[in-house]
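**Q** Please see the structure below; I have some questions.
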Amino acid sequence: MSAELNFASLLHGLSLRPARPADAPCIERIYRSARPDLQLIDGDAERIDSVQRQQQRVLELGTGQNFPNAMHFIVERAGAAVGAVMVDFGHNEVRIIFLAMLPEARGRGYGKAVLQGLQQAAQQVGAPLAAVVWHDNAEARRLYRELGFVPEEAGAVADKLVWYPSARHIMVGAG
């Protein structure tokens, strides 16, 4: 898969571009805003900041170990960052590792447009599209269900949801 996904059909004038080192502060802001649970930590602001940084590093290290070919993208609208997505085009599935929008960009259909673009990419490569969604993220769970994702694996705090392209397009060994 190309290092740049360019979905002509993304709505709202959105595009994806590969993340650059200069995007780190924006990605950190997006990650922190997507983890409100980390604000509930018992401690002062310095301790909360430390745990947030640690959890983001765990995500990055885990992604590198489990999905070494994962691609990191910035979601842009009119050249300005509005979100981030990490995705891995693996042998048997396309895996959404992280997808979130900046707080001021939420509720505008941007996440849905990115998911639909990823569905098109998964359809093109003939593989299912998978994501792990937390139980307490009702809005995300609603959106994934609306787009045809179905539960495949139940977890204690999150479930793996999968969208399958039409059967005639699924590659051998996928599933």
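**Q** Tell me, what is the 1.4 Å probe accessible area of Arg29, in Å² to the nearest 10?
**A** Counting only protein heavy atoms, Arg29 exposes about 120 Å² to solvent.
**Q** Would you mind computing, in nm to one decimal, how far apart the modelled labels at Ile41 and Arg57 are, each placed 7 Å from Cα along Cα→Cβ?
**A** Distance between label points: 1.1 nm.
**Q** Over region 61-155, what relative contact order in percent results from Cα pairs under 8 Å that are six or more residues apart?
**A** It rounds to 18 percent for region 61-155.
**Q** Suppose accessible area is computed on protein heavy atoms with a 1.4 Å probe; arrange Lys112, Lys160 from highest to lowest.
**A** Lys112, Lys160
**Q** Here's a follow-up. Roughly how far apart, in whole Å, are the Cα centres of region 62-135 and region 140-158?
**A** 15 Å
The values are calculated or read from the model by the stated rules, or taken from the named source; none is laboratory data. These numbers were taken from a predicted model, which means no experiment stands behind them. Neighbour counts are summed over all protein chains in view; Cβ atoms, including those assigned to glycine, are modelled from backbone coordinates with ideal geometry. The protein model used for the area step is the full one, side chains on, heavy atoms only, and it has no ligands, DNA or RNA in it. Shrake-Rupley method; radii C 1.70, N 1.55, O 1.52, S 1.80 Å.
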